[in-house]
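The values are calculated or read from the model by the stated rules, or taken from the named source; none is laboratory data. Everything numeric in this text was worked out from a predicted model, so none of it was measured. We place every Cβ from the backbone using ideal geometry, glycine too, and count neighbours over all the protein chains shown.
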């Protein structure tokens, strides 16, 4: 089989949830095509689906060494680092995506960085625009739509809390006291929606 045939078969197995068979085929493919960054990316995705997050992080990084322009691998690595609460490295990994010519990944990367920085408004705008532009990766759209809904729910809770505080005469509650827990809650949603079937 050629490289693309391996990739197609591995992707189909992963979509069907046959991770053991996919992993076996990946091992064979890597032995034949050790320099193929996308096959390495698929290996990282299986690690992540099996919740082998540290190994997934290493393998995503290896796929980027083999294929520096494999932008989806960079995005998934940044998202995974965020789920592991490694926010500084996540920002460093995601930041180059802001400069690339791509329909939706710069918007989704900007959304993640905005969440890390507590700017939910900018995150929501970026996700909504990215969803409009992404016509070729429905699984990623599902993840980002889930994130958008969770951010909106968090914003609604925060607005309700602020109204309740005002009604109780708690105007002296500081913005940082209210914002920090919600920011942590928003970031925790990343792990909830982390699904690397793409």
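Numbers below:
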quantity: Some residue of the range 71-82 being over 14 Å from the mean Cα position of the chain (by Cα) and at negative phi; calculated: no
quantity: Residue ranges of helices (runs of 4 or more DSSP H) in the range 1-114 with at least 2 members under 30 Å from residue 149 (Cα atoms) and outside the structural domain of residue 133 (by TED's automatic domain parsing); calculated: 3-15, 37-49, 53-66, 71-83, 87-94
quantity: Residue under evaluation residue 137, criteria (1) under 16 Å from the mean Cα position of the chain (by Cα); (2) loosely packed, with under 13 Cβ neighbours inside 10 Å; (3) modelled with pLDDT of 60 or more, criterion not met; calculated: (2)
quantity: Test result for residue 65, touching a residue at least 60 places away in the same chain (Cβ under 8 Å) and either surrounded by fewer than 22 Cβ atoms within 10 Å (Cβ to Cβ) or closer than 21 Å to residue 4 by Cβ (or both); calculated: no
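Okay, residues lined up against (1) closer than 19 Å to residue 4 by Cβ; (2) at pLDDT below 95; (3) surrounded by 23 or more Cβ atoms within 10 Å (Cβ to Cβ):
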position	(1), (2), (3)
33	yes, no, no
38	yes, no, no
45	yes, yes, yes
54	no, yes, no
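A quick yes/no check of all residues on (1) assigned to a helix (DSSP H, G or I); (2) closer than 17 Å to residue 107 by Cα; (3) at pLDDT 55 or above:
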residue: 141; (1), (2), (3): yes, yes, yes
residue: 145; (1), (2), (3): yes, yes, yes
residue: 148; (1), (2), (3): yes, yes, yes
residue: 157; (1), (2), (3): yes, no, yes
residue: 177; (1), (2), (3): yes, no, no
